[in-house]
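Asker: Structure below; questions to follow.
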Amino acid sequence: MRCETRSRPSRRDVLAGATAAGAVLAAPAIVRAQAKALKVAVVLPRSGLFAAAGQSCHRGAVVAPKVLADLGYAVELINIDFESNVDVARTQTERAIAEGAQAVVGAFESGATLAMAQVCEQRKVPLVINIASVPQLTEQGYQYLVRNFLTNAQLVGNGLKLVKDLMAATNVQFKNAVFVHANDTFGTAQRAAMDKLFPAAQMPFPLVESIAYDPKAQDLAVEVTKIRAVAPELVLVTTRSSDAIKLVRDMVRQRYEPKAIISPGSPGLYDEEFYQALGPLADFHIFNLPWANAKSPVTQALAAAYKTAHPSNRFEVDCFNAGFTFEAIMIAADAFKRAGTADGPTLMKAVKATDIAEHVMTGGPIRFDEKGQNNDIQASVVQNRNRTPTVVLPPEVAVAAPVLPMPPWQGRS
Amino acid sequence: MLSIWLNVVVQGILTGLLYGLMALGLSVIFGVVRLVNFAHGEFAVVAMYAAFVLFRAFGLDPLIAMLPIALAFFVVGFALQRTLINAFVGRPEHEQFILLVGVAIVLVNAVLIVFGPDAQPANLPYAFDSYMIGPLLVDKVRVYAAVAALAVCAALFGFFRFTRTGTAIRACADNLVGAAVVGLDVRKLYAITFGIGLACVGAAGSLMITIADAVPSLGPAYTLLAFTIVIIGGLGSMAGALVAGLLIGVSEALAGFLIAPSMKSMFSFALLVAVLVLRPQGLLGKKPA
């Protein structure tokens, strides 16, 4: 028998209930939009394969709130370690946004950044890329993403141009070259850019072979034997710090001495880990990358705060990772200040309209094209000297003259 | 060009000897206790860190530190088997698997807490030296590590062949019921075997630090490598582990040189699949009765 005593809800009850439910559901968004400081999730690989670089980026993030506060910006950071694992990057970004993050910064590694971009796009939360270069990031039509970093093509293109400048400045010629790269997302994208741009760059030497390696390999002895078999005068590399160590170590063991080891735009050769593991053998390697502009007052402020917060680390070594990470947070903070709200679409509109003249890294004002790419980042030729990255070209920013060919392994002290 | 080929093969042999030693511990434990140590690679990583600490703190060369580390690992293995693992001997394999994966997770995280995620190189004074023997150019560290690995293997084979305890352990492996009937203390022999297995991996880890940097995340890769070698060589066959180690070392080196270095680990797995299809008991393993 059915009970007929239960009353049916009136239209007024339904409307009141719907209003209350709507208020509850919208509350986080309203709170988010009205926040006084922007909550930024900084997602980095602080452990695992990319830990050294991730920690270096993190050191830049840690000092950002104080430096930005002095510049009139208000940010609150949620620091997240994605363990060099793409799936963890995706789930941690989801979680951070669910817990109130209003903007996301990251992630140093291209594969993880691609995963995070999908999450940010779905949740309509701006993603400001600190370091990640695969072209897909700005070519797949993401609306909630900007990249304050070079694409693979820009890295390799600038890198090759600077190799020519270096040859002209030192009057050293190379007969041939090989390109050695990790077979991860970044490395294979660099390879694609190299295959496309090397012939177009009309380099005065041939690229005789490209050799891919597994960055997780415990040594690179076979890879170096393969390089030795070709005997190139120039070794172009795309590495991370741990495999850059293995590469140089096996070159020394196999007594293979090219005229130069040059990275046309990759990490690895300038990490503290690299200097500590190789000592004097870490010197004279060259990398063509954007570097910190020592003349900028923002760089000086960041360097001062960095030295206080991390007395056992060197800003001169960390400035690439720390600088780009700081700039990404600054872009989000600046947009928030101009937009006056953390509401996703409005904040993103402000991010895309960024125009910051005074910042940390070399290059013109930070601005983004319609795809969200900053096309005005300049690269320099940086050479390791006494285990310190030293800008050697172009002359207007150089603090020392380049040394080429590099001195023999034996006899370095 | 011939010299390059020779170099590649010799590098493969030297690396393969280390692989063989690493897998030997796993093979010994499985051959007697019938339990797969899924924390094998993580124990190797702990040994790498132990050798790293002894070198950095006391200047003790890993080739010498290998002895106290192996001894300490023997004690740890003996105690671990007596207190924790013995209860799982004879229980379903998935329970053993979960137990040892748990041990592995504890070890990796302990290492992460103490040393952090960064790679730790030993930076031995001879780390960059090499020998030039005719057309051959071989790394000093690799030669030293391979010779030490051979010495450890020889000592282990000698122990099992010529000592009473070794003979008793072999008896346990061949016929457990018979061994118990004649009065052998099987539980104690199991503990000794587990201790020997860990001593092997302790020695292998100490030698590994001479050619590779210590990183906490290496553990699963080493477990997988040892497991692959043991299956190719034949589960429980010590000689098989050594042969398979050499085979994988050389095939990886040749594949890396001839085809693509980034594909070299694929060849060890291709070898594994081929052995599983053509000779499921492994190269030197016995067919199940």
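Asker: So how do B:VAL215, B:VAL277, B:VAL230 line up by other beta-carbon neighbours within 10 Å, fewest first? Please list the in-between numbers first.
Answerer: Working: B:VAL215 24, B:VAL277 8, B:VAL230 31.
Neighbour counts put them in this order, fewest first: B:VAL277, B:VAL215, B:VAL230.
Asker: Still on this structure, please answer the following. Could you put B:ILE4, B:ILE29, A:ILE211 in order, starting from the residue whose Cβ has the fewest other Cβ atoms within 10 Å? Mind dumping the intermediate values first?
Answerer: Working: B:ILE4 15, B:ILE29 28, A:ILE211 23.
Ordered from fewest to most neighbouring Cβ atoms within 10 Å, B:ILE4, B:ILE29, A:ILE211 come out as B:ILE4, A:ILE211, B:ILE29.
Asker: Quick one: in segment B:79-188, what % of C-alpha pairs are over 20 Å apart? Provide the component values of the computation, followed by the final result.
Answerer: Details: 4158 of 5995 pairs.
Considering segment B:79-188, 69 percent of its Cα-Cα pairs are separated by more than 20 Å.
Asker: Additional query: Taking every alpha carbon pair in segment B:2-278, what does the distance histogram look like in 5 angstrom bins from 0, in percent?
Answerer: 1, 6, 12, 17, 19, 17, 13, 8, 4, 2, 1, 0
Asker: Roughly how large, in nm² to one decimal, is the mean projection of the convex hull of the alpha-carbon atoms in segment A:169-257?
Answerer: Directional mean of the projected Cα hull area for segment A:169-257 stands at 6.1 nm².
Asker: Could you give the length gained by full extension between A:ALA309 and A:VAL230, i.e. 0.36 nm per residue of separation minus their alpha carbon distance, to one decimal place?
Answerer: Length gained, A:ALA309 through A:VAL230: 23.8 nm.
Asker: With respect to the cross-link table entries A:LYS307/B:LYS264; A:LYS196/A:LYS307; A:LYS175/B:LYS264; A:LYS164/B:LYS140; A:LYS39/A:LYS246; A:LYS124/A:LYS196, which display a Cα-Cα separation exceeding 32 Å?
Answerer: On the way: A:LYS307/B:LYS264 44 Å; A:LYS196/A:LYS307 41 Å; A:LYS175/B:LYS264 29 Å; A:LYS164/B:LYS140 38 Å; A:LYS39/A:LYS246 39 Å; A:LYS124/A:LYS196 34 Å.
With Cα atoms farther than 32 Å apart: A:LYS307/B:LYS264; A:LYS196/A:LYS307; A:LYS164/B:LYS140; A:LYS39/A:LYS246; A:LYS124/A:LYS196.
Asker: Rounded to the nearest 0.05, what FRET efficiency do B:TYR131 and B:THR83 give with R0 = 35 Å and r taken as the Cβ-Cβ distance? Could you check? Please report the intermediate quantities before stating the final value.
Answerer: On the way: r = 46 Å, r/R0 = 1.30.
It comes out at approximately 0.15.
Asker: Running Debye on segment A:215-327 with equal point scatterers at the Cα sites and no solvent, what base-10 log of I(q)/I(0) appears at q = 0.12, 0.16 Å⁻¹?
Answerer: Rounded to two decimals, the profile gives -0.49, -0.77.
Asker: Please figure out what share of the DSSP beta bridges in the protein assembly as shown is antiparallel and state it in percent, rounded to the nearest 5.
Answerer: Details: 17 of 51 bridges.
Bridges in the protein assembly as shown that DSSP calls antiparallel: roughly 35 percent.
Asker: Right, here's the next one. Using the alpha-carbon centroid of each, what span in Å lies between segment A:244-274 and segment B:48-115?
Answerer: First find each Cα centre; the distance between them is then 33 Å.
Asker: For a quick check: sort A:THR388, A:THR113, A:THR151 by the number of other beta carbons within 10 angstrom, fewest at the front.
Answerer: Working: A:THR388 15, A:THR113 30, A:THR151 22.
Ranked by crowding around the Cβ, least crowded first: A:THR388, A:THR151, A:THR113.
Asker: Any chance you could list the semi-axes, whole Å, largest first, of the equivalent ellipsoid that the Cα gyration tensor gives for chain A, using √(5λ)?
Answerer: On the way: eigenvalues 409, 101, 69 Å².
So the equivalent ellipsoid measures 45, 22, 19 Å along its semi-axes.
Asker: State the Cα centre-to-centre distance between segment A:86-113 and segment A:147-179 in whole Å.
Answerer: If you average the Cα positions of each part, the centres end up 33 Å apart.
Asker: Let me ask something else about it. Could you give the alpha-carbon Rg of segment B:190-285 over 2.2 N^0.38 Å, rounded to two decimals? The partial results should precede the final answer.
Answerer: Details: Rg = 14.3 Å, N = 96, 2.2 N^0.38 = 12.5 Å.
The reported ratio for this selection is 1.14.
Asker: Can you compute the label reach from A:ALA69? Point 7 Å from Cα along the Cβ direction, backbone N cut-off under 13 Å, restricted to segment A:305-335.
Answerer: Counting backbone N atoms under 13 Å from the label point, the list is empty.
Asker: Limiting things to C-alpha atoms, what are the Rg and the maximum Cα-Cα separation (Dmax) for segment B:1-56, in angstroms?
Answerer: When restricted to Cα atoms, segment B:1-56 yields Rg and Dmax of 15.8, 48 Å.
Asker: Given the rule -39500 (n - 2.57) for each run of at least 4 DSSP H residues, summed and divided by the residues of the protein assembly as shown, what is its mean residue ellipticity at 222 nm, to the nearest 500 deg cm²/dmol?
Answerer: Values: 24 runs with 398 residues, N = 702.
The helix contribution divided over the protein assembly as shown gives -19000 deg cm²/dmol.
Asker: Looking only at A:GLU370, A:GLU257, A:GLU76, which one moves most when chain A is put into a Gaussian network model with springs between Cα atoms under 10 Å?
Answerer: Looking only at A:GLU370, A:GLU257, A:GLU76, the largest GNM fluctuation is found for A:GLU370.
Asker: Please give, to one decimal in nm, the separation of the simple spin-label points placed at A:ALA401 and B:ALA110, each 7 Å out from Cα toward the Cβ.
Answerer: 5.7 nm
Asker: What is the spin-label model distance, in nm, from B:ILE259 to B:VAL75 if the labels are put 7 Å beyond Cα along the C-beta direction?
Answerer: 4.6 nm
Asker: Roughly how crowded by other chains is peptide B:254-264, in terms of the mean Cβ count from those chains within 10 Å of each of its Cβ atoms?
Answerer: Working: counts 1, 1, 10, 5, 2, 0, 8, 15, 13, 4, 5.
For this peptide, the per-residue mean of nearby foreign Cβ atoms is 6.
Asker: Taking 60 Å as R0, compute the FRET efficiency from the Cβ-Cβ separation of A:LYS124 and B:ALA180 and round it to 0.05.
Answerer: 0.30
Asker: Could you tell me what % of all Cα pairs in the protein assembly as shown have separations over 39 Å?
Answerer: Tail fraction, whole percent: 42.
Asker: Next up: Once fully extended, how much extra length lies between B:LEU276 and B:MET1, figured as 0.36 nm per residue of separation less the alpha-carbon to alpha-carbon distance?
Answerer: Result: 95.5 nm gained on full extension.
Asker: Can you classify segment A:257-321 as rounded, prolate or oblate using the Cα gyration tensor, where a ≥ b ≥ c are the square roots of its eigenvalues, rounded means a/c under 1.5, and otherwise it's prolate if a/b beats b/c and oblate if not?
Answerer: Verdict is oblate for segment A:257-321.
Asker: Oh, and also: Set the Förster distance to 51 Å, then compute FRET efficiency between A:ALA168 and B:PHE58 from the Cβ-Cβ distance, nearest 0.05.
Answerer: Values: r = 52 Å, r/R0 = 1.01.
For A:ALA168 and B:PHE58, the calculated efficiency is 0.50.
Asker: Normalised by the residues of chain B, what does the relative contact order come to in percent, with Cα pairs under 8 Å and at least six apart?
Answerer: On the way: 493 pairs, mean separation 113.2, N = 289.
Once divided by the residue count of chain B, the mean separation gives 39 percent.
Read the figures in this text as sums done on the coordinates, not as results from a lab. These figures come from a predicted structure and were not determined experimentally. Every residue, glycine as well, gets a Cβ built from its backbone with ideal geometry; the counts of neighbours run over all protein chains shown.
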